[in-house]
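The block underneath contains the structure these notes are about, expressed in structure tokens.
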Amino acid sequence: MRDYFNNIYVGLRSFCKGLSLTFKHMKNKEELVATLQYPNEKWPIPERNIGFDMSEYNVVRSRLHVDMDDCIGCLQCERACPVDCIKIDTIKPSKDSDVDCGVTSLGTQKKLVVPRFTIDMSECMYCNLCVYPCPEECIYMVGGPNEDKHEMDYEFSQYSRDGLIFEFANATDEDIVSAGGDDYIRNRDSKIDILKEGEELKGKEVVPEAIDKKQQVSPATVSQEITHKSFSDLEDKMQRGVAKKTFLTEKKQGKSDEEILKSIESALKDKDLLDDQASALISKLGSSNQADSPPVADEITHKSFNDLEDKMQRGIAKKTFLTEKKQGKSDSDILTAIEAAFKDKDLLNDQAKDLLKSLTSTGSTEVAEEAPKGGLFELKKLNDLEDKLARGLAKKTYTKSKKDDKSSSEILEDIETVLKEADKLTDETIAVINKIKESL
Amino acid sequence: MSFVDIIINSLSSLEFSYTLTLLLAVVIPGLIIFLLMTVNAIVAVYMERKISAFMQDRLGPMEVGIFGFKGGKKFWGGIGQTIADAVKLLAKEDIIPKDADKFMMILAPFIIFIASFITFVGVPLSENFLISNFNIGILYILAMGSVGVIGIILAGWASNNKWSLYGAMRAAAQIISYEIPIGLTLLLPVIISGGLDVHSIVDWQLENRWLIIHSPFTFIGFFIFFVSGIAETNRVPFDIPESESELVAGWMTEYSGFRWSLFFLSEYTNMLIISLVASFVFLGGWGSPMTIFNIIPGDYMYLDGPMWGLFWLLSKAVVLIFVMMWFRWTFPRLRVDQLMYLCWKVFIPFSIANMLFVGMWEVLF
């Protein structure tokens, strides 16, 4: 009986004690609260005192960062990485392009465009080995001794694994194209397309029939619908790049196909890139898009000059045509103006004369069908020459004669005479030249 | 005057047909009760989360605001959390296990819900805000309060899950056991005031003094009633039917979505009912705190009136709900044998002795 009441007494006492304890905690919330609302509040990073100066302490394992302005694309860090988490692509600008890659902060002239510099921090093991080989000291772990270059960052969690791939390259597509990296962009885009296709499959197996169907369907769809791939037929890299870029930007703005084609044309014109192939393609795309558009050949348009072989000629002709047209001049005036322009630049050859004549006489031409093929043989054919010196001389002569607007046979004769002078006219070279002659 | 009477009186002047009047007299209080239950659940869940957080030196919900109001760093931070939770709960998939007894499984939450719903009919919110004024009010509340156990057993059985059944059996054992001390302690006001209906009990308190300080035995009676009431609602420290750590959620394990939210709703409604009953039986009902000792008899109307009555009764209930939460976040769960020991060996003998002493007290004083 005594135990029973004692039990109740103890129970009641601990009951009150427990309640008072929790109530006290509820009241003294401010000082006791343990929650740190993490993204909004953070623990202060403790002062480190490791016995010597921070700048001597070069192994902060935080996040890799690249100062892209200083990167010369030497791939040293990529090679040093034991886990291959650094991926760098470089493009060497062609000699004739006037791309200036810039100068690093250490004064080195950069010679490469770096379109891709990714570091996959999910693979990185923070070994710091990539930091030492860098000749420009542009890759480093952030924070610590590099605090003045980049602030500390140890919180880079992401919702998807892709988020941990850091892209440092700041070269735009324009830069890449102007550096002659059009193939690179095409490769990259095709890779992205493949990835997208794979994602759309969602792990399902591809039935071979489906592939066949796709292959059968795809050319048809391409010709019907204008995509950036429609411009892949263009041979000139620059052209292709400009066309694609313009197409994509215009497409994003939601413009119609017609408008896009027009703006592509003008963009190409701006850069003097509008050759006959390009305009043929554009007109083809335009006509395929609207089948009932009126035929172009009735009047003299800037497209009438597409038959001209020489790029410069064509460009000048078109430019002049458009400027004159704007001023509201008649067709004959325009043609004379074009002739004058050609003369100014020493570009008036037979072909141009013929064309201008035909345009003046008829006032309208149907040029699209009868595009005269290959006034000149290709330079590649001279590659059959085995002797290096002979090949070089031949090519030199070729380009020289081409500039003088000579015909193929004239060029071949020139080559022959040059080779004779140089004592290089062997049986083989004669055979090659004859072969070219036959093919003409 | 009960709420239904008021509605019928005011509608009769509009000369509706008798059926329509009756229908409205049923539907309007029903909607009000339902609204009250929902608001109570939403507010109480928020309150519980905040209070538990503060008692454990945490912050509780802090992120979800309401209408752009984020509530700052203190109590009001995360004010919209329970609303968001309620929306989430209703949008959830309603799963019924393959081997479950479908009919009973669907039926069970409605029985539990209806049990707490109709209990409300006899529970007052203020002097006239009593849906229906039975002359056996206390008995009705007692009877309806234990209907829910049928739903609990049904839910546990229909789930076809042994742990759910364990939970249901524990709940049945617990609720049936704790019915006895509740019944015995609710007899005290009946003995003292001499009436079973709500008005006679509260009026007695307003004329004399609150029953909780009427005598030491009524204080013990209040204590026993309140603790047993917590056991009735299956809350910690008497939550062995649910026992999160052993049975996961006991008889609620297999429920999800809307049906589970009905369980949730009725749990918090039961809390409110127990608190309201405790406040009108022992804490002076709709009287203001001035009436606690009634030093100036006859002046108890001070700060009294329809809205004041609602305010006082609800604030008493809220304080009691807070105490329930306080208990929950202070004490660990009782073992089954401890639970039964407390009921059969402590509460029941004490409440029987209480009845005896209260009777003697009434005779003597």
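Being over 30 Å from B:SER193 (Cα atoms) and not hydrophobic (A, V, I, L, M, F, W, C) is true for just one of B:SER177, B:SER146, B:SER164. Which residue is that?
On the way: B:SER177 fails: over 30 Å from B:SER193 (Cα atoms); B:SER146 fails: over 30 Å from B:SER193 (Cα atoms).
The conditions single out B:SER164.
In the set B:VAL45, B:VAL39, which member is in contact (Cβ under 8 Å) with a residue 60 or more places away in the chain, of a type outside the set (Lys, Arg) and not in a loop (DSSP other than H, G, I, E, B)?
Every option except B:VAL45 fails the conditions.
Anything in the stretch B:23-52 that is within 14 Å of chain A (Cβ to nearest Cβ) and out of contact with any Pro (no Cβ under 8 Å at 6 or more places or on another chain)? List them, or say none. Break it down stepwise before answering.
Applying the first criterion (within 14 Å of chain A (Cβ to nearest Cβ)) to the stretch B:23-52 yields B:47-52.
The answer is B:MET47, B:GLU48, B:ILE51, B:SER52.
Taking the stretch B:84-113 as the region of interest, how many residues are of a type in the set (Val, Ile, Thr) and surrounded by 14 or more Cβ atoms within 10 Å (Cβ to Cβ)? Reasoning before the result, please.
Step one: list which residues in the stretch B:84-113 are of a type in the set (Val, Ile, Thr), which gives B:87, B:95-96, B:106, B:111-112.
Now restrict to residues that are surrounded by 14 or more Cβ atoms within 10 Å (Cβ to Cβ): B:96, B:106, B:111-112.
Summing the residues that are of a type in the set (Val, Ile, Thr) and surrounded by 14 or more Cβ atoms within 10 Å (Cβ to Cβ) in the stretch B:84-113 gives 4.
Exactly one of (1) farther than 30 Å from B:VAL64 by Cα; (2) at the interface with chain B (Cβ under 10 Å from one of its Cβ atoms); (3) modelled with pLDDT under 90 is unmet by A:LEU36. Its number?
(1)
Considering only residues that are within 7 Å of chain B (Cβ to nearest Cβ) and among the hydrophobic types (A, V, I, L, M, F, W, C), which ones fall in the stretch A:7-22? It would help to see each step written out before you state the result.
Taking the stretch A:7-22 as the starting set, the residues that turn out to be within 7 Å of chain B (Cβ to nearest Cβ) are A:8, A:18-19, A:22.
Correct list: A:ILE8, A:LEU19.
Just to confirm my filter: which helices (runs of 4 or more DSSP H) fall fully inside the stretch B:134-227 and include at least 2 residues that are charged (D, E, K, R)?
Ranges flagged: B:162-193, B:198-207.
Find all pairs meeting these conditions: Cβ atoms under 6 angstrom apart; at least six residues apart or on different chains; first residue within the stretch A:1-30 and free of Cβ contacts under 8 Å to residues at least 24 places away in the same chain; second residue in a helix (DSSP H, G or I).
Close Cβ pairs satisfying both conditions: A:THR22/B:MET55; A:HIS25/B:MET55; A:MET26/B:PHE54; A:MET26/B:MET55; A:LYS29/B:PHE54.
Have a look at A:ASP298, A:ASP212, A:ASP292, A:ASP270 and point out the one that is modelled with pLDDT of 70 or more, among the acidic types (Asp, Glu) and on the phi < 0 side of the Ramachandran plot.
On the way: A:ASP298 fails: modelled with pLDDT of 70 or more; A:ASP212 fails: modelled with pLDDT of 70 or more; A:ASP292 fails: modelled with pLDDT of 70 or more.
Testing whether each residue is modelled with pLDDT of 70 or more, among the acidic types (Asp, Glu) and on the phi < 0 side of the Ramachandran plot leaves just A:ASP270.
Read through the list (1) in contact with a helix residue (DSSP H, G or I) (Cβ under 8 Å, 6 or more places away or on another chain); (2) at pLDDT 85 or above; (3) within 14 Å of another protein chain (Cβ to nearest Cβ), then give the number of the only condition that B:LEU89 fails.
Answer for B:LEU89: the failing condition is (3).
Against the conditions (1) within 14 Å of chain A (Cβ to nearest Cβ); (2) within 17 Å of B:THR119 (Cβ to Cβ); (3) of a type outside the set (Lys, Arg), where does B:MET55 fall short? Just the number, please.
It fails just one condition, (2).
Being over 16 Å from the mean Cα position of the chain (by Cα) and surrounded by fewer than 23 Cβ atoms within 10 Å (Cβ to Cβ) narrows it down to one of B:ILE192, B:ILE240, so name that one.
On the way: B:ILE240 fails: surrounded by fewer than 23 Cβ atoms within 10 Å (Cβ to Cβ).
That would be B:ILE192, the only listed residue that is over 16 Å from the mean Cα position of the chain (by Cα) and surrounded by fewer than 23 Cβ atoms within 10 Å (Cβ to Cβ).
Quick test for you: out of B:SER13, B:SER2, pick the one residue that is more than 17 Å from B:PRO124 (Cβ to Cβ), out of contact with any Asp or Glu (no Cβ under 6 Å at 6 or more places or on another chain) and not aliphatic (A, V, I, L, M).
Unique residue meeting the criteria: B:SER13.
Take B:ALA53 and decide whether it is surrounded by 11 or more Cβ atoms within 10 Å (Cβ to Cβ), over 30 Å from A:ASN40 (Cβ atoms) and not basic (Lys, Arg).
So B:ALA53 fails the test.
Does the stretch A:67-89 hold any residues that are farther than 15 Å from A:PHE166 by Cα and in a loop (DSSP other than H, G, I, E, B), and which are they?
A:CYS71, A:ILE72, A:GLY73, A:CYS74, A:LEU75, A:CYS81, A:PRO82, A:VAL83, listed by residue number.
Scan the stretch A:334-358 residue by residue and report those that are touching a helix residue (DSSP H, G or I) at 6+ places or on another chain (Cβ under 7 Å) and assigned to a helix (DSSP H, G or I).
From the stretch A:334-358, those touching a helix residue (DSSP H, G or I) at 6+ places or on another chain (Cβ under 7 Å) are A:334-335, A:337-339, A:341-342, A:345, A:347-348, A:352, A:355-356; that's our starting set.
Within the stretch A:334-358, A:ILE334, A:LEU335, A:ALA337, A:ILE338, A:GLU339, A:ALA341, A:PHE342, A:ALA352, A:LEU355, A:LEU356 qualify.
Within the stretch B:58-79, track down each residue that is within 13 Å of chain A (Cβ to nearest Cβ) and at pLDDT 75 or above.
The answer is B:ARG58, B:LEU59, B:GLY60, B:PRO61, B:MET62, B:GLU63, B:GLY77, B:GLY78.
Is it fair to say B:GLY287 is at pLDDT below 85, within 24 Å of the chain's Cα centre (by Cα) and not hydroxyl-bearing (Ser, Thr, Tyr)?
yes
The values are calculated or read from the model by the stated rules, or taken from the named source; none is laboratory data. Computed from a predicted model, the values in this text were never measured in an experiment. Glycine also receives a Cβ, built like all others from the backbone with ideal geometry; neighbour counts cover every protein chain displayed.
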